[in-house]
Structures are given as C-alpha cells and as structure tokens.
Amino acid sequence: MKGKVGKLFESRKGQMDELLHRDFINNGIATFPCKISSFYDIVNPLSIQRYETPNPDFTGYLESGAEVLPPDCPIVLNIIEDCLTEEERETIVAVIQEYYAYRLGMVEKEEKRHRKRFFIMIIGLVLSGFLLWFSQGLDDVPRELFFVLFWFMGDTICDYILLTGHDLRRDRRAAGQLASIKVTFSKSFDESDYTKEEVDKLHSEIEQDVKETIRHK
C-alpha cells in the first residue's frame, strides 16, 4: 500500500497556473495584498530617517510570491492600512523602489562580469586554436597544454551560452519586474478585475519608467 501511495505522489500534477490566476493574477496583472498595522511592518525598525531599508519579513513575503509569477506580469502591491501618514506612505514607496533598484543594479553588475569573461574566453579560444594549429610539429607535452586551454575556453563559452547566460537573463528580468513594482494604498482589499484602461495605464507607466532608466545610463 505504501508503494502505491508513493507512486500516486509521483504522478500528482501541479496546478500553478490555475492557482496563480485564482489568487493573484487578474487581466495580466499580479496584485499582492499586504495588510500592515505599523509603518515598521514594511520599513526596518533598525534603520534611521533618510537611510531606511525594508523589513526582511516584508521583502521575503513579496519575493516568495513574485518568484512564481510569469516573467511578463506586472506587479501591483496593495498595502492595506489605516495607520500611516502621507509622509510615511511616500517613504514606503521610495524605500521599496530604491531597494529593488539596487537589487537590479547588482544583477546588472553580475551580468556585465560574466559577459566580459565570455568575450575574454572567445579570444582565448581563438588564440589556443591557433597555437594548436601551429604546434603540430612540437612534442606532445606542450600540445597537451594547448588542448587543455582550448577545452577550458570552449567549455566556459558553452556553459555561458546554454546555462549561465540563460540564468542571468532570467534573474535580470525578475529583478526588473520587482524594480517596476507599483505601490498602492487602501483601507480594504478590492478584488475587482482591472479594466482595459487601467491595464493600459499601468503598462504605459512601466514603459515610461524603463525609458527613464535607460535615458539616465
């Protein structure tokens, strides 16, 4: 009986798409409700004014939900509260946007580092290939060294093209998705669908934000 149940567990199918559209996604937009009772539910209580950072519990909540979303799905964070001043709301929006802008910058740096190494490896592959070609009359020992170099360069390039490059692009898109998050405040959570006008407006705002970041590079 235990073996039969184990086989049933192996054959069970996930329902991620159905659950996402039931719980988060309406008309292509993911809405995360976040009910708070204090400013410090979102802002780290250890941080000081003008140097605020987000509360790790808050970022963990947001990121655990965002990681299962489709990569082309805009995110709206609906903060449900009746305890904040207007200044605190402005601070929260700035803290969230700046935190994920920094996270995106870190991903960009990592991507640039790997891309630089990729081009160096291409040059190394070409050079080691020439060395192998021109060393046909040499002893086996130095040629083996050139073979090792050629194999190492080629392996690194293939890893970047097939694996690392794909992962970096995925991480960059995920970081850009969070860096483009829209924050709203309300007294209660409204589960109504987004209208076409609201969807178009959100897409337009994201497009404008992205163009602004490109313009300031």
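Please identify every one of the GluC sites (Glu not before Pro) in segment 21-122 that sits in a loop by DSSP and has no more than 14 other beta carbons within 10 Å of its own beta carbon. The qualifying sites are Glu67. Helix 140-159 and the long axis of the chain differ in direction by around 20°, with both axes built from C-alpha atoms. For segment 99-135, which trypsin sites (Lys or Arg not before Pro) are in a loop by DSSP, counting at most 13 other Cβ atoms within 10 Å? Counting only loop positions with at most 13 other Cβ atoms within 10 Å, none of the trypsin sites (Lys or Arg not before Pro) in segment 99-135 qualifies.
Can you compute the helix-only [θ] at 222 nm over the chain? Use -39500 (n - 2.57) per DSSP H run of at least 4 residues, normalise by all residues, nearest 500 deg cm²/dmol.
Here the helix-only value at 222 nm equals -21000 deg cm²/dmol.
Dividing the C-alpha radius of gyration of segment 113-202 by 2.2 N^0.38 Å, with N its residue count, gives 2.05.
For the residue pairs Lys112/Lys211; Lys182/Lys211; Lys35/Lys182, the C-alpha atoms sit no more than 26 angstrom apart in every case.
Between segment 167-215 and segment 63-127, the alpha-carbon centres lie 12 Å apart.
The calculated pair-distance distribution of the chain uses every alpha carbon pair, bins of 10 angstrom beginning at 0, and gives 7, 23, 24, 17, 14, 10, 4, 1, 0 percent.
Near Lys109, once Lys and Arg are set to +1 and Asp and Glu to -1 for all other residues with Cβ below 12 Å from its Cβ, the sum equals +2.
Here, each number is a calculation from the coordinates, and none is a lab measurement. Just so we're clear, the structure is a prediction, and the values are computed from it rather than from any experiment. Positions of Cβ are generated from backbone atoms using ideal geometry, with glycine treated the same way; all protein chains shown enter the neighbour counts.
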